[in-house]
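Report on one structure; see the data block that follows.
The values are calculated or read from the model by the stated rules, or taken from the named source; none is laboratory data. Just so it is clear, the model here is predicted, and its values are computed rather than measured. Backbone-built Cβ (ideal geometry, glycine too); neighbour counts: all protein chains shown.
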Amino acid sequence: MRASEEIAKIVSDDIRTAGPRLVRLAMTAWDDSEGGATFHALLRWIATDDSAPEAVQAYATEQISEPITQALAQAGVSVPHARERATLVGSQVVGLAMVRYLLRLEPLASASVDHLVEVMGPIVQHYLTEPLTPPQTRNR
């Protein structure tokens with residue numbers, strides 16, 4: 001199954017538990033030797049080649065953002081809000097990957113996948129299902 005299909009399935013199956021499952025999918029795939037080597041090379045390319053961001057943006061949109069956007073839209077989230085939520089999810093997962101695999105900052109570089117799911121899953125879940133407005137503006 002392609003990454004985009006796995007992502008769409010996770011979000012479509014049960015949006016209420018998708019955050020931790022998305023983090024687990026990403027970390028498990030990237031910790032795998034084959035998937036990890038490809039991802040590490042991709043991160044180094046992004047960091048060093050001015051032409052890389054456009055190609056990576058197209059890939060990330062097709063493989064990550066669009067499947068999440070479509071699954072959220074099917075769950076009743078308006079497309080502009082679904083796109084924003086998908087982009088926020090991507091920012092968390094890609095940011096975690098940069099810290100873990102490219103910068104190799106501890107303690108995240110050596111943290112277990114279970115630990116990362118435990119601490120990052122709820123954040124990703126928030127972006128998928130919780131209000132995105134700051135708490136002080138919600139009741140105005």
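Quick notes
- Looking across segment 7-51, the residues that are among the acidic types (Asp, Glu) and more than 29 Å from THR129 (Cβ to Cβ) come down to GLU34, ASP49, ASP50.
- Total residues in segment 14-64, condition within 18 Å of the chain's Cα centre (by Cα), surrounded by 13 or more Cβ atoms within 10 Å (Cβ to Cβ), over 15 Å from ALA3 (Cα atoms) and in contact (Cβ under 8 Å) with a residue 40 or more places away in the chain: 6
- Given (1) touching a helix residue (DSSP H, G or I) at 6+ places or on another chain (Cβ under 7 Å); (2) free of Cβ contacts under 8 Å to residues at least 12 places away in the same chain, number of the condition MET1 does not satisfy: (1)
- Residues located in segment 59-92, provided they are within 19 Å of PRO122 (Cα to Cα) and among the hydroxyl-bearing types (Ser, Thr, Tyr): SER65, THR69, THR87, SER91
- The conditions of being without any contact (Cβ under 8 Å) to a residue 24 or more places away in the chain and more than 23 Å from GLN125 (Cβ to Cβ) are not met by GLU6.
- If you go through segment 84-97 and keep only what is surrounded by fewer than 19 Cβ atoms within 10 Å (Cβ to Cβ) and more than 14 Å from VAL23 (Cα to Cα), you end up with GLU84, THR87.
- Sole exception among (1) closer than 20 Å to LYS9 by Cβ; (2) not in a helix (DSSP H, G or I) for ALA111, by number: (1)
- Being surrounded by 15 or more Cβ atoms within 10 Å (Cβ to Cβ), free of Cβ contacts under 8 Å to residues at least 60 places away in the same chain and of a type in the set (Ser, Thr, Tyr) is a property that holds for THR69.
- Listed by first and then second residue, the pairs with beta-carbon distance under 7 Å, at least 6 apart or on different chains, first residue in segment 112-140 and more than 19 Å from ARG85 (Cβ to Cβ), second among the hydroxyl-bearing types (Ser, Thr, Tyr) and modelled with pLDDT under 95, are VAL113/THR28.
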